[in-house]
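The values are calculated or read from the model by the stated rules, or taken from the named source; none is laboratory data. Remember, predicted model here, so these are calculated numbers, not experimental data. Note: ideal-geometry Cβ built from the backbone for every residue, glycine included; neighbour counts use all protein chains shown. Calculation scope for accessible area: heavy atoms of the full protein, side chains included, ligands and nucleic acids excluded. Shrake-Rupley method; radii C 1.70, N 1.55, O 1.52, S 1.80 Å.
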Amino acid sequence: MASVHESLYFNPMLTNGVVHANVFGVRDWVTPHKMALLVLLSELGRTGSQLGLLERRRLNRLLLPLLQGPDMALSRLRKAIEECCPHLAGSVHIRLKLMAEGELKDMEQFFDDLSDSFSGTEPEVHKTSVVGLFLRHMILAYNKLSFSQVYKLYTALQQYFQKDEKKDGADENEMELTNPEELDGKMEKEELDGPLREEEIACSGPLSQKQAEYFLSQQASLLKNDETKALAPASLQKELNNLLKFNPDFAEAHYLSYLNSLRVQDVFSSTHSLLHYFDRLILTGAESKSNGDEGYGRSLRYAALNLAALHCRFGHYQQAELALQEAIRIAQESNDHVCLQHCLSWLYILEQKIFDSCVLLEHSVNKSLHFGLPYLASLGIQSLVQQRAFAGKAANKLMDALKDSDLLHWKHSLSELIDISIAQKTAIWRLYGRSTMALQQAQTLLSMNSLEAVNVGVQQNNTESFAVVLCHLAELHAEQGYFAAASEILKHLKERFPPNSQHAKLWMLFDQKIQFERAMNDGRYHVADSLVAGITALNSIEGVYRKAIVLKAQNQMSEAHKLLQKLLIHCQKIKNTEMVIRVLLSIAELYWRSSCHTIALPVLLQALALAREYSLQYLASETVLNLAFSQLILGIPEQALNILHMAIEPVLAHGAVLDKGCAMFLVAKCQVASAASYTPQKKIEALESAILNLNEAKAYFAKVDCKEQLRDVLYFQARLFHTLGKTQERNKCAMLFRQLHQELPAHGVPLINAFK
């Protein structure tokens, strides 16, 4: 505790040529870099009237980050000023040189002259302006220094200037030894680096309180809006450790350390930093000053609530429940209704992991509206909509509920929740199989401008909602055969959400799934099998399902059946209806391949009942196509054609290109099978109509490079052309079939036994 009490006193020291004090003593102190800024302001006041409008505007934009940001090398400062006004940069350099190479009294005289900026009826600087406050802080900090501290500051200024002079000398020697082309390339690279690089932000010495607050707020804003522009996790943690070394009780630094640890999924460090944040918050009395006697208890209950949220994020549900119970107990003792509503929301999330409960959520929404908490109320409505979507409620009712929540968003300018709502609509339309509507919602979100004010150059809306929407957009393009466009979207996602960011898992999963589908379409099952491990690491259910698909394609029927049965039991247990239907369709296909056609029918009917019960229209249409194929196999093609007309429209309107091709191929098969009982003239018309449908199916399969299906279509077309006596067309199809047949392996499965 001795170190804590000692930090409360003014303790001047010199570290790395910087005269500073503990942040509890003064808010700012004088450094050589800040003296260079004072010289810049002084020169700007003297020659400001001679500068052009454009130069003055550039300097004004430069001043704020210079005044608030950390110290930088003199060469870097000079370069920043030269980009705005070369003449002024020369004047600043000359003034600094005269002061550094002169005597101590020159520095004294300089600070005495600074006070003249505020004198007169029309002063150069207003006392309450940003520049005026900076000047007054520096004059006050300088006047508080003892003589020994003034001498140390003067020595630090000389070292600061001499270091720049040595660097200039080294650069001149390098220019003499370097050819002009290499020099131009180096200068271009330096110009592209921008005014503040990561190594310039890093400061080996302590920051003042204002600099530290600016640094923390800037990094926190970047972590929220554009994580790629923030410091790397290791670099940011190094800076935070440096801040905490000089002030261990800086609560905000502990909280940023907590956010930084969450980026890399470090459960130990994040828990450690979160607990230290609330400990320091109570220790410094920040809460008590703003909330009276309730400050101490408020910190405790919100500490427990945040700890519960942290454990829930990492999947430690038992520990999260214990922390949440503690937060509820303290909040009830303090009669804190706002905290209790947050606890109720988290209680629903925890209970959702065990069983579905809408009662808590509905109660939370009503109470949040009663206590004027629109953010919590809207999140509750979003969760209710999501739960209702998985329960199979009609889309129009869900959209009405989302419309009500959107009114709350726009009324209170909750831009983040607006993004979440649109992303939710995109996901719901995808769940119901309406790809056109999902695409429209995705484009709506991408074309929106953020309502939040962020710094220039910071990517807006760099949130999970945008990651979700872009992933859906990439998958939609891949399904339609636009693989180049999907690759561009994924490339943008990789740049916008680097692999170490918290939302990177989203695009990683979609990237693996798209690669898997391409490999399966191309018949490269060994490549698809190698991708299964990556998919399983990101989503175990998807990984097991795709492993079964690979085994099925390799004709390992018994292994695929065992895997699908285990997956079916697990998905029924966790109520993942969409995956249950997909697994049932795959099991039915296994029965076809094993010539157990009658056994497949009850499985398909079960899948169809589930799809209709949960309003999964696209999966219902796909199931009907499978039923039509079963009827074709069982020898009733006329009935198959009748139900095909009922199911094919949603597939052609919203389906993937591969599904469209399979549907048109199935129609052609049914037409050919039905034509056996027709009159000769009607039979010829039916076969010609089937050839047209096969041409359409062939175009779809070629778009996604599905060679196996192309081979089957060409074989079928060749047989039809032979029946119609069209020798030239038959020979062309036969030649193309032979080329693909030699390229692809044949598994010996009859053509009629494969729907997809």
Residue by residue through the stretch 683-695, which ³J(HN,Hα) values in whole Hz follow from phi under the Karplus form 6.51 cos²θ - 1.76 cosθ + 1.60 (θ = phi - 60°), with glycine and proline marked x?
5, 4, 5, 5, 5, 5, 5, 5, 5, 4, 5, 5, 4
Percent accessible area from carbon and sulfur atoms, the stretch 320-430, protein chains only, probe 1.4 Å:
57 percent
Protection proxy ranking of 339-347, 582-590, 534-542, 727-735 - average other beta-carbon atoms within 10 Å, highest first:
582-590, 339-347, 534-542, 727-735
Please compute the length gained on full extension between LYS229 and GLN318, using 0.36 nm multiplied by the number of residues separating them and subtracting their Cα-Cα distance.
28.4 nm
Diffing the stretch 308-320: the Karplus 3J(HN,Hα) column from phi (6.51, -1.76, 1.60, θ = phi - 60°), in whole Hz with x for Gly and Pro, holds 4, 5, 5, 5, 5, 5, 8, x, 8, 6, 5, 5, 5
GLN631 neighbourhood, Cβ < 12 Å, K/R = +1, D/E = -1, net charge 0
Rolling a 1.4 Å sphere over the protein heavy atoms, what is the accessible area per residue of the stretch 32-167, to the nearest Å²?
53 Å²
Inter-probe distance in nm under a simple model that places probes 7 Å from Cα toward Cβ, at LEU98 and LYS682:
10.8 nm
Return one whole number: the accessible area per residue of the stretch 568-753 in Å², for a 1.4 Å probe.
47 Å²
Report in % the part of the accessible area of the stretch 32-167 that belongs to carbon and sulfur, leaving out ligands and nucleic acids; probe 1.4 Å.
53 percent
Stokes-Einstein D in µm²/s, Kirkwood radius over Cα pairs - the stretch 568-753 at 37 °C with 0.692 mPa s viscosity:
188 µm²/s
Centre separation in Å (Cα based) which lies between the stretch 78-92 and the stretch 481-550:
51 Å
Determine, for each peptide in 504-513, 685-694, the mean count of other beta carbons within 10 angstrom over its residues, then list the peptides with the highest first.
504-513, 685-694
Cα-Cα pairs of the stretch 32-167 separated by more than 17 Å (percent)
59 percent
In whole Hz, the Karplus estimates of ³J(HN,Hα) for the stretch 65-81 (6.51, -1.76, 1.60; θ = phi - 60°; x where Gly or Pro) are x, 5, 6, 8, x, x, 5, 9, 5, 4, 4, 5, 5, 4, 5, 5, 6
Identify the GluC sites (Glu not before Pro) of the stretch 596-645 meeting these criteria: DSSP loop state and at most 13 other C-beta atoms within 10 Å of the C-beta.
none
Determine the per residue accessible area of the stretch 451-560 with all protein chains present and a 1.4 angstrom probe, expressed in square angstrom.
44 Å²
Determine the gain in length on full extension of the stretch LYS494-ARG329; use 0.36 nm per residue of separation and subtract their C-alpha separation, reporting nm with one decimal.
55.0 nm
Once all protein chains are kept in place, HIS370 shows an accessible area at probe 1.4 Å, nearest 10 Å², of 140 Å²
Just to verify a number: what accessible area does HIS645 come out at with the full protein assembly present, 1.4 Å probe, Å² rounded to tens?
130 Å²
Based on the Cβ-Cβ distance from LEU275 to ASP400, what FRET efficiency comes out when R0 is 56 Å, to the nearest 0.05?
0.80
Heavy atoms of ILE684: accessible area, 1.4 Å probe, square angstrom to 10:
70 Å²
Using a 1.4 Å probe on the protein chains only, how many percent of the accessible area of the stretch 568-753 belongs to carbon and sulfur?
55 percent
Projected area of the stretch 594-702, taken from the Cα convex hull and averaged over every viewing direction, in nm²?
7.2 nm²
In nm, what is the difference between 0.36 nm times the number of residues separating VAL527 and ASN695 and their Cα-Cα distance?
57.6 nm
